[in-house]
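Bear in mind these aren't lab numbers, they're just calculated from the coordinates by the rules spelled out. Because the structure is a prediction, the values reported are computed rather than measured. Heads up, the Cβs are rebuilt from the backbone with ideal geometry, glycines too, and the neighbour counts pull from every protein chain shown.
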Amino acid sequence: MGYEKWYLPPRLHLATTAPMAKIKALPAEHIIAGFKGKLDYYLHDGLACVRKWPRSPGHRRAPAVEAGWSAFAYAAAEWKNLSPEVQDSYNRMAEGTGLSGRDMFERAYLKGVYPYPKIEEEEMKLILLDTPISVIQTGPLAAGYNWTDVDLSPHVSATATIAYIRARLLDWDTTGESDVEFFIRGKGTANNLYCLRWWRKLSAGQVDINDIFVAMDASKFIQHRLTMSAGLTNLYTRAWLLGYME
């Protein structure tokens, strides 16, 4: 009756890992039996070893450990229900990682194969002014104008980053067709999207209004610009600061 058959290491789920020492040979069987519960003699890869008798960690484990048992058991059982094609995909995914395809599947179920970095969401606050402040006012205009700076620093907080603007176009021309674009952007940005545009026949007193959010530069500046077709002589632009975000 060989020792290798009768004195194998205890199962890992029943005991904690204990430091081991290599010895020249296993002692007699009655000596091994006499140390049962204190020393554990066994063969590992043909070498005689001895270690402190492994102890059970107890019936209760940490709550976080116990909470994961059911999910782990489900993942372990589900591996057998996967098709051979899916199992083969996990096996290929695990190549070079030191894990088996089954390990990779269980990890994917429990916490994802490749955990994504946590992205901290920044909460922003919208502050509305008690009274809108007029920040842009031009007209009557017979031609457009290039980018013009507007300093909002007297009206917003030091931590404000976005301005809440109400823009308006007003025209009193009675003839002709309009091709008008009114732009507002953060100073120095490449944003050339218009906030208001007309491209239709005009009637006297035609007006258009749009609310937009505009990112300010570090100095709390925005810019505005107007392009218009020839033949219009009575066009007005205006914008109010309604609030800001910080």
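Brief remarks follow.
- Computed from backbone phi with θ = phi - 60° and the Karplus coefficients 6.51, -1.76 and 1.60, the 3J(HN,Hα) list for the range 31-47 is 6, 4, 5, x, 9, 4, x, 10, 10, 10, 9, 6, 9, 10, 6, x, 9 Hz; x is used for glycine and proline.
- Look at 162, 184, 127 and count the other Cβ atoms within 10 Å of each Cβ; fewest to most, that gives 127, 162, 184.
- Shown in residue order for the range 73-90 are the 3J(HN,Hα) couplings computed by the Karplus curve 6.51 cos²θ - 1.76 cosθ + 1.60 at θ = phi - 60°: 5, 5, 4, 5, 6, 5, 3, 5, 8, 6, 5, x, 5, 5, 4, 5, 5, 5 Hz (x for Gly and Pro).
- Positive-end residue of 143, 214, 132, charge dipole of the range 126-245 with Cβ unit charges: 214
- Ranked for footprinting exposure by Cβ neighbours inside 10 Å, fewest first, 32, 133 give 133, 32.
- Under 5 Å between amide hydrogens, built in the peptide plane, is the criterion, and for residue 179 it picks out 229 among residues at least 5 positions away or on other chains.
- Working from label points 7 Å from Cα in the Cα-to-Cβ sense, the residue 143 to residue 128 distance is 4.1 nm.
- Simple point charges give the picture: +1 on the Cβ of Lys and Arg, -1 on the Cβ of Asp and Glu, and for the range 126-245 a dipole about the Cα centre of about 100 debye.
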